[in-house]
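Structure first, commentary second.
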Amino acid sequence: MFGIDAYSAEVLIPSVVGVVAMAGVMVWAFIKVRHLMNEDKRH
């Protein structure tokens, strides 16, 4: 449908995986920082 050959897949898939991994780490870090900030305010 999109005409993705083997070379395009070899380039595209690691890039997509990298972007998704970085986004996941950023979301995890954001949640962690919010949790630590909320914990800090209570004490």
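The values are calculated or read from the model by the stated rules, or taken from the named source; none is laboratory data. All values derive from a computational prediction rather than experimental measurement. Here the Cβ is made from the backbone with ideal geometry for all residues, glycine too, and neighbour counts use every protein chain on show.
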* Asked: Based on what the data block shows, is K41 of a type outside the set (S, T, N, Q) and exposed (fewer than 10 other Cβ atoms within 10 Å of the Cβ)?
  -> yes
* In the list I13, I4, I31, which residue meets the criterion of being part of a loop (DSSP other than H, G, I, E, B) and of a type outside the set (K, R)? -> I4
* Number of the condition not met by G3 [criteria: (1) at positive phi; (2) surrounded by 10 or more Cβ atoms within 10 Å (Cβ to Cβ)] -> (2)
* Show the residue pairs that are 6+ apart or on different chains and have beta-carbon atoms under 9 Å apart, the first residue being within the range 1-20 and modelled with pLDDT under 85, the second being surrounded by 10 or more Cβ atoms within 10 Å (Cβ to Cβ) and not acidic (D, E). => F2/S8; I4/L12
